[in-house]
Amino acid sequence: MSHGRPRVTLCRACCCGTRPKHSAADHEQRVRALSGASDGAVDVRQSDCLGACDDSDIVVVHPSPTARAAGAKPVWLGRISDDDALEDLADWLRSGGPGAAPPPPSIRDRAMTPPNLPPSRMPY
Ligand code: FES
């Protein structure tokens, strides 16, 4: 369980992180790279479809509990499907993520409005 760290939920279902939709990517390597690049500073979890397949790969970045208590909200990102975006995301996580540091422009530009999911399907 995370006490003071941001957390990341990676969608891994029909469209995100799958070879049929993103055939050139090594999705498992990306999960390992994100976990490793964060130097243990972030929890990485995987989820079923988050209802935004057209914008795959979907990533939800959750603020640390401390940042959340100060008002930071989860950030939904779409089109995190290339190594550069993943590296920029890892940089942001190392800086503390939502509420602790501003995202790099390449990440900020991929922020999206969460889909209208029932609360039971939200990753938080
Ligand atoms: S498979 Fe990721 S949003 Fe549907």
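Some points to look at:
- Boolean, residue 98 is away from the ligand (no atom under 16 Å from the Cβ), within 22 Å of residue 121 (Cβ to Cβ) and not aliphatic (A, V, I, L, M): yes
- Considering residues of the stretch 110-121 that are surrounded by 13 or more Cβ atoms within 10 Å (Cβ to Cβ) and within 16 Å of residue 57 (Cα to Cα) only, the residue nearest to the ligand (Cβ to nearest atom): 115
- Against the criterion of being charged (D, E, K, R) and on the phi > 0 side of the Ramachandran plot, residue 79 qualifies.
- Looking across 48, 43, 82, 54, one residue alone is surrounded by 15 or more Cβ atoms within 10 Å (Cβ to Cβ) and either within 11 Å of the ligand (Cβ to nearest atom) or within 18 Å of residue 19 (Cα to Cα) (or both). It is 82.
- Condition met for residue 59 (modelled with pLDDT under 85, crowded, with 17+ Cβ neighbours inside 10 Å, of a type in the set (A, V, I, L, M, F, W, C) and within 16 Å of the ligand (Cβ to nearest atom)): no
- Hits in the stretch 77-112 (condition: of a type in the set (S, T, N, Q) and under 17 Å from residue 49 (Cβ atoms)): 81
The values are calculated or read from the model by the stated rules, or taken from the named source; none is laboratory data. These numbers were taken from a predicted model, which means no experiment stands behind them. Methodologically, a virtual Cβ is constructed for each residue, glycine included, from the backbone with ideal geometry; neighbour enumeration extends over all protein chains shown.
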